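Below is one structure, written out as C-alpha cells; the observations come after it.
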Amino acid sequence: MENIIIGIDLGGTNLRIGAVTPDNKMRAPFVIKSSVIAEAENPIQKICEIIAAYRKENHIQQLDAISIGVPSSVENDKETVICTTNIRDKNGNVVFCHTNIAKKIREYFQVPVFVNNDVNNILLYDVVANHLENQKVVVGIYIGTGVGAAVMIDGHLLEGKNGAELDIGHMPFFGGDVQCSCGKKGCCECYASGWRLQEIRKEFYPDTEIQDMFTKHREEKPLKEFVQACGNVYAIMATIFNPDTIIIGGGVPEMTDFPQKDLEKVINESTGKDVMAYGFDYVYSREFVGKGVIGAAVFARRRLQERK
Ligand SMILES: [Zn+2]
C-alpha cells in the first residue's frame, strides 16, 4: 500500500488502527484493547511497536504520516496530550498527562506525526462524509458517556489559547448540584450524557437493558426530561455560533429509537431568536467504528497540505 496515513483512534476501551488512502478509505482495520498500552511499562514505546507490527503485516511501504486521536484535549502543538482521564494504568494513574506523544513516534518512524482530540477528528470525518467543507460554521456535539464538541469556522477547527476549548460536558448548569466526576458540581454532563442515562435506568427502569431505553420509555417523563437536557446543550451552542449545520452524534443519539424530532423541537424552541430567524441544518452522525481513524487521517492530510 502507498500514500497511506496510519490513523489511530485511542479510546478509553479500544485502540483502533487503520490504513487510510488519499480518498479517505480505511483499509485493514485492526482493534486491540487500550489497556495493552495503558498497562505497558512504556506506553509510547508500546504504541510504536503496535504501529510497526501493523505496518509490516499490511506491507505499507510508503507512509505519509501517523495521526492519533485521543480522548483528551491536545495542546496547539498537536503533539502534547493534556490529560487522558479515562485511560489509566493498573494503579489508577492517568497514563498521559501533559505528555508529548508525537516526538518519540516521529523519531521511531521518521514520518510526520499528529495528535488531535478525538472529537475534533470525528467532526472532520462528519464534515467530509457529508460534504460540509465549504460551510462557514459547523458545530458537532457528541453525547456519549460524556459530552464532547468541536467547531469548524471557515474551514478551521476552533482552537482556544491552550487547546482546552469546548469542554462543554463541564459547562455549569445553573442550579445544578449533582456531583460530577471532574470534582465540580452541576456540570452539563450530570444531566445530558450516557452516564445520566444509566442513572435514569438504575433509578426508574432497572429491568430495562440500556439499549432498549428509548424504545420502551421515550414517552415517559424521565426520558422526556433527559432529551430536554440534551436539547439545552445543543441550543446553547447554536445560540453562540449561528451555525450552518449542527451535527448530532455520539452513542446516545445513535441509540435505537432515540427521539430525534423531540430533540430538534427542544433545540428549535430554546435557541436564540436571531439565530432561529435564519435557522440551520441538522445532520446525524452515523454509527461507524472507523470515524475516528479516518478523521485522524483527514486531520493529518490537512496539516500536511498547510505545510506545503
Ligand atoms: Zn464536570
Going by what's in this entry, would Ile200 be described as open to solvent by less than 70 Å² (accessible area, probe 1.4 Å), of a type in the set (Val, Ile, Thr) and farther than 30 Å from Gln135 by Cβ? yes
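Could you tell me which of the residues Thr208, Thr215, Thr256 is away from the ligand (no atom under 16 Å from the Cβ) and under 25 Å from Asp126 (Cα atoms)? So that I can check it myself, show each step before the final result.
On the way: Thr208 fails: under 25 Å from Asp126 (Cα atoms); Thr215 fails: under 25 Å from Asp126 (Cα atoms).
Going through Thr208, Thr215, Thr256 in turn, the sole match is Thr256.
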Go over the candidates Thr271, Thr256, Thr239 one by one and state the one that is among the polar types (S, T, N, Q) and loosely packed, with under 15 Cβ neighbours inside 10 Å. Thr256
So Gly92 ticks every box in (1) part of a loop (DSSP other than H, G, I, E, B); (2) open to solvent by 60 Å² or more (accessible area, probe 1.4 Å); (3) of a type outside the set (Val, Ile, Thr) but one. Which box is left unticked? (2)
When Glu287 is evaluated against the numbered criteria (1) over 26 Å from Gly11 (Cα atoms); (2) exposed (fewer than 14 other Cβ atoms within 10 Å of the Cβ), which criterion, by number, is the only one it fails? (1)
Can you find, within region 130-146, the residue that is farthest from the ligand (Cβ to nearest atom) among those that are within 25 Å of Gly11 (Cα to Cα) and modelled with pLDDT of 95 or more? Asn130
Number of positions in region 148-188 that are near the ligand (Cβ under 10 Å from one of its atoms), open to solvent by less than 30 Å² (accessible area, probe 1.4 Å) and outside any loop (DSSP other than H, G, I, E, B): 3
Check region 195-209 and report whether any residue there is more than 30 Å from Val137 (Cα to Cα), in a loop (DSSP other than H, G, I, E, B) and at pLDDT below 95. no
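How many of the residues in region 1-37 are outside any strand (DSSP E or B), open to solvent by 10 Å² or more (accessible area, probe 1.4 Å) and either among the charged types (D, E, K, R) or touching a residue at least 40 places away in the same chain (Cβ under 8 Å) (or both)?
Residues that pass the stated criteria total 9.
The values are calculated or read from the model by the stated rules, or taken from the named source; none is laboratory data. As the structure is a computational prediction, the values presented were derived from the model and not from experiment. Neighbour counts are summed over all protein chains in view; Cβ atoms, including those assigned to glycine, are modelled from backbone coordinates with ideal geometry. Remember, those area values only see protein heavy atoms, side chains included, never the ligands or the DNA or RNA. Shrake-Rupley method; radii C 1.70, N 1.55, O 1.52, S 1.80 Å.
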